[in-house]
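Here, each number is a calculation from the coordinates, and none is a lab measurement. Only a predicted model underlies this, so the values are computations on that prediction, with no experimental measurement involved. Every residue, glycine as well, gets a Cβ built from its backbone with ideal geometry; the counts of neighbours run over all protein chains shown.
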């Protein structure tokens, strides 16, 4: 029996740790429309909050989430928000993501009905930017999150990828 030599050294296991839970407030959604399979909706982020062991504060108004509705009903997210930490630092957060489920579940979510987060897929990937030295470590991490859509906006559990 022959064994083959690995082509690379062993890679580290993917690990994560909780970063924060964010509750985002959406004040309006504008149906810009577009071609089938690429219809746009723009959601105005009017505020919110985030809380975690190393990072806590508010989400400032003025952010947006550009949603693209695919022809299969899935939504692609492309959001930009500004976080203000409890001690006054400003942090830009950019995230993309995807939300999909059965046609019935997606219709219920669109109507603002409560749907169990177990009934659909809602994930984000995030990055951050800041000039505040206390939080400069955020410039060097990637994060992922699991979302839940409620009538007033999404909730995300966000994890730092180590």
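Most mobile of 41, 99, 134 per a Gaussian network model of the chain (Cα springs, under 10 Å)?
Per the Cα network of the chain with a 10 Å cutoff, 134 tops the list.
After finding the eigenvalues of the alpha carbon gyration tensor for the chain, what semi-axes result from the square roots of 5 times each, listed largest first in whole Å? Show your work: numbers first, answer last.
Values: eigenvalues 167, 122, 41 Å².
Semi-axis lengths for the chain are 29, 25, 14 Å.
Which order do 148, 30, 8 fall in if you start with the one that has the fewest other Cβ atoms within 10 Å?
Values: 148 18, 30 11, 8 5.
Result, fewest neighbours first: 8, 30, 148.
Note the full-extension length gain between residue 127 and residue 17 as 0.36 nm times their separation in residues minus their Cα-Cα distance, in nm to one decimal. Could the numbers behind the result be given before it?
On the way: separation 110, 0.36 × 110 = 39.60 nm, distance 1.50 nm.
Taking 0.36 nm per residue and subtracting the Cα distance, the gain is 38.1 nm.
According to a simple spin-label model (label point 7 Å from Cα along Cα-to-Cβ), what is the distance in nm between residue 36 and residue 139?
For residue 139 paired with residue 36, the spin-label model returns 4.8 nm.
What order do you get for 42, 155 when you list them from fewest to most C-beta neighbours inside 10 Å?
On the way: 42 14, 155 18.
Fewest to most other Cβ atoms nearby, the residues stand as 42, 155.
Please work out how much length the chain gains when fully extended from residue 49 to residue 66, using 0.36 nm per residue of separation minus the C-alpha to C-alpha distance, in nm with one decimal. Mind dumping the intermediate values first?
Working: separation 17, 0.36 × 17 = 6.12 nm, distance 2.00 nm.
So the chain would gain 4.1 nm between residue 49 and residue 66.
Over what distance in Å are the Cα centres of the stretch 111-162 and the stretch 87-107 separated?
Taking the Cα centre of the stretch 87-107 as reference, the centre of the stretch 111-162 is 6 Å away.
Return 109, 19 ranked ascending by Cβ neighbour count within 10 Å, so the fewest neighbours appear first. Walk me through the numbers on the way to the answer.
Working: 109 21, 19 24.
Ascending number of Cβ neighbours within 10 Å: 109, 19.
For residue 58 and residue 29, FRET efficiency with R0 = 30 Å and r from the beta-carbon atoms, rounded to 0.05?
Values: r = 21 Å, r/R0 = 0.71.
The calculated FRET efficiency here is 0.90.
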